[in-house]
Amino acid sequence: MNQQKILQIHSSKLTHEKILPFLKNGWSQYNWQNISDTNKIAESTNMLMGRFGDNVFPFRTDAIDSCNIKPPAYDSSFTKTFADITDEQCQQWLKEKTDRPWLIFWSGGIDSTVIVASILKNSTAAERENIYVACNRASIYELPRFFYNHVQPNFKLIPTPDSCKQPLDELYHVIDGEFADQLYSSGIGWELLRLCPDSLTSDFRRDPDLLLNQLASRTNKNFATWYYEHILDNINSSNLPIETYHDFYWWLFFNYHYTDVYLRLREKAVANKYSPRWFATNEYQQWAMNNNQIGTKYTLNLGDSKLASKQYIYDFDHDEYCRVFKIKSKSRLLFYKLKLDKEFCTLDDFSKLYVDCDLERILELLPDYIKS
């Protein structure tokens, strides 16, 4: 039997009193509290495993290779638009994914609405007979006009499942808006936009003070400097044009947060081979790497976050109110009941270990390079 491996460690648990002594024995010079605080940047389980560039944190990135989630090699000649990619993908999937019905999780948010708009734009009425939409009242509250004008008349509706106990993946191609956030900038970047609209176009290398203050607002100044310098080393090891505050925050989501989201979803039934990830394709990722300029993904107006996605929806339904006022907000449809604050680590079979009941096993599996 092959030895199991740890794929992901919940960074906030590294300072647990039962774990820290074993780390300090081998890394007495390392500030493990900084590692623990990385999860505060995006309120995420783990922001330590980058998919691109040099690994600047003290953990091997086994999950990147094991899960096959490396991004495509950056191609500066890529010219397809967000609309081109969305239309072509929908047309291709309608031809290829015909072995079972589709189930679209529509939250009423920007990302899932792009998917529904694309299906309506590119499919026939006969093809839509095999496509279902899962939503609830919160979905309708988010975009009532879109629901009554486009969703209700064109799709069979089912209630949103409260958990993943149902074998949905065995019945449908389950499709949702996950990984769209990772194409755009992160939430903390838009916090900065509220405070200082011009900041997102500032050069984060030459003028980092405001960015450091923003990072420090979630932790402290020492952490902010440490984290900034580590991410800068990772960025400099890549060949992407990452220059502005917007680019910096986008990189956190595209390069780091992506891994965390994938691992969380991979544990759920809806993440298997019958559940294609709409926004995780190589073409969407190439678009994300080539279009960070202002006017494509964003403007200095908070309402223009996820601009390309909102423009796609507007080109379909011409709802001016939605285009101007719809903003990114946390979905109120909780499809996955996750225990993000309890597990210590995820293993390569996606099982979890907990400090209180699995300490001996955790210590056995901790990689040698971070323990004595």
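Where a number appears in this text, it was derived from the coordinates with a stated rule and is not lab data. A quick note: this is a predicted structure, and the numbers were derived from the prediction, not measured. Here the Cβ is made from the backbone with ideal geometry for all residues, glycine too, and neighbour counts use every protein chain on show.
When the Cα positions of TRP32, ILE231, GLN92 are compared along the charge dipole of the chain, TRP32 comes out farthest toward the positive end, with charges on each C-beta of Lys, Arg, Asp and Glu. For a paramagnetic label modelled at 7 Å from the Cα of ILE294 toward its Cβ, which residues of the stretch 195-238 fall within the zone defined by backbone nitrogen distances under 12 Å? Counting only backbone N, you get 197-203.
Compared with the direct C-alpha span, the chain from ALA73 to HIS230 gains 54.3 nm at full extension, assuming 0.36 nm per residue. Think of the stretch 74-339 as a dipole: +1 on every Lys or Arg Cβ, -1 on every Asp or Glu Cβ, centred on the Cα centre; then among ILE294, HIS257, LEU183, HIS257 lies furthest on the positive end.
Couplings 3J(HN,Hα) for the stretch 81-88, derived from phi with the Karplus relation 6.51 cos²θ - 1.76 cosθ + 1.60 (θ = phi - 60°), are 8, 4, 5, 4, 4, 5, 5, 5 Hz, where x marks Gly and Pro.
The HN-Hα couplings worked out from phi for the stretch 95-106 by the Karplus form 6.51 cos²θ - 1.76 cosθ + 1.60 (θ = phi - 60°) are 7, 8, 9, 10, 7, 7, x, 9, 10, 9, 7, 9 Hz, whole numbers, x standing for Gly and Pro.
Straight-distance candidates among the aspartates and glutamates for linking to LYS156, with alpha-carbon spacing under 16 Å and chain neighbours fewer than 8 residues away dropped: GLU127, GLU129. For LEU7, nonlocal amide neighbours, meaning residues 5 or more places apart or on other chains whose placed amide H falls under 5 Å from its own, are THR346, LEU347, ASP348.
The long axis of helix 355-365 is offset from the longest Cα principal axis of the chain by roughly 70 degrees. Sequence-ordered 3J(HN,Hα) estimates for the stretch 199-215 from the Karplus curve with 6.51, -1.76 and 1.60 and θ = phi - 60° stand at 5, 5, 9, 6, 7, 6, 7, 7, 9, x, 4, 5, 5, 4, 5, 5, 4 Hz, glycine and proline given as x. Based on C-alpha pairs under 8 angstrom that are at least 6 apart in sequence, the stretch 74-339 has a relative contact order of 28 percent. Oblate is the label for the chain, because a/c, from the alpha-carbon gyration tensor with a ≥ b ≥ c as root eigenvalues, is 1.5 or above and a/b does not exceed b/c.
Put simply, the amide H of ALA134, placed in the peptide plane, has neighbours under 5 Å in ILE104, PHE105, TRP106, ILE158, leaving out anything fewer than 5 places away on its chain.
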